[in-house]
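Okay, structure first, notes after.
Every number here is computed from the coordinates shown, using simple stated rules; none is lab data. Predicted, not measured: the structure shown is a model, and the values here were computed from it. Glycine gets a Cβ as well: all are built from the backbone with ideal geometry, and neighbour counts include every protein chain shown.
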Amino acid sequence: MRKSLLTLGLLAATSAPVLAADYTDGDIHKNDYKWMQFNLMGAFDEKPGNSSHDYLEMEFGGRSGIFDLYGYVDVFNLLSSPSSDKADADAKMFMKFAPRMSLDALTHKDLSFGPVQELYVASEITWDGVRTNAAKGTYGVNQQKIGLGSDVMVPWLGKIGLNFYGNYDSNHKDWNGYQVSTNWFKPFFFFENGSFLSYQGYIDYQFGMKEKYSEASNGGAMFNGLYWHSERYAVGYGLKLYKDIYGIKDSSALESSGVSHYVAVTYKF
């Protein structure tokens, strides 16, 4: 079964109460769905380093039985422009995969309580393909996170994802701090033709990072997006707030805190 983002948006905005996932009947596939889309993106003053560039993002997600998945692959400097900020960058792509395994579906039990609708074993993998070489001053992103995830009902926003991870840095072969992540998708204005406006975004905040690996012990980012959605297309603007992102201490030499802007044009499959 395939549910488009438009359908999911309509479901999220319904006035009917949202019930916790119920897998006590053993049917773990009754809530299955999948989606995929391509986003043509423009980034302006992206941190760290105030980089402005274009990129193509393949974004996808869904549910199959006990597994819930979100992920994307970004490819930078599509036209191989020599004037692009990414022309000489070591990283030509970036990937994030965030699979979660439902404890409710796995045990066939209703583990919901209060505003918590469902519990998961949550993970996140981030990778940019850059080989870390301290002598050359190159540091790739190669992190794996694992912890406890949940779906939580909050006022106005509705159901959000909320995950807590421990962070393993494969560059250092060591655990390095923790991360709290949340994401949301809130349709708030509907047009007569069925298209709608949504407020969507996420927060990734790391803390407890070790001094020997990170200049700052905590830091993160918050993305705030305003998007117009139809069945097949979306157009949006995002404002992203940074604070010592990736544990890099903000400085005049390398800005890792501040504001960046994004524009996106989307086609949904």
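If you take the alpha carbon radius of gyration of the stretch 119-269 and divide it by 2.2 N^0.38 Å, what ratio comes out, to two decimals? Present the calculation step by step, with values, prior to reporting the outcome.
Details: Rg = 17.8 Å, N = 151, 2.2 N^0.38 = 14.8 Å.
Compactness ratio reported: 1.20.
Mind sorting Trp175, Trp228 by how few other Cβ atoms lie within 10 Å of their own Cβ, fewest first?
Numbers: Trp175 12, Trp228 16.
Ordered from fewest to most neighbouring Cβ atoms within 10 Å, Trp175, Trp228 come out as Trp175, Trp228.
Ranked from highest to lowest mean number of other Cβ atoms within 10 Å per residue, what is the order of the peptides 43-55, 23-35? The partial results should precede the final answer.
On the way: 43-55: 17.3, 23-35: 14.4.
Taking the mean over residues of other Cβ atoms within 10 Å, the ranking is 43-55, 23-35.
Karplus couplings for the stretch 196-210 from phi (6.51 cos²θ - 1.76 cosθ + 1.60, θ = phi - 60°), rounded to Hz, Gly and Pro as x?
8, 9, 10, 9, 9, x, 7, 10, 10, 10, 9, 8, x, 6, 6
Any chance you could list P(r) for the stretch 5-268, counting all Cα-Cα pairs in 10 angstrom bins from zero, rounded to whole %?
Going from the shortest bin to the longest, the percentages are 7, 26, 36, 23, 8, 1.
Determine the relative contact order of the stretch 5-268: mean sequence separation of Cα pairs under 8 Å and six or more apart, normalised by residue count, in whole percent. Can you show the working numbers first?
Details: 693 pairs, mean separation 42.5, N = 264.
Reported relative contact order: 16 percent.
Starting at the first residue of the stretch 163-175, write each ³J(HN,Hα) from the Karplus equation 6.51 cos²θ - 1.76 cosθ + 1.60 with θ = phi - 60°, in whole Hz, x for Gly and Pro.
Those phi angles translate into 10, 10, 10, x, 10, 9, 9, 5, 5, 9, 6, 7, 6 Hz.
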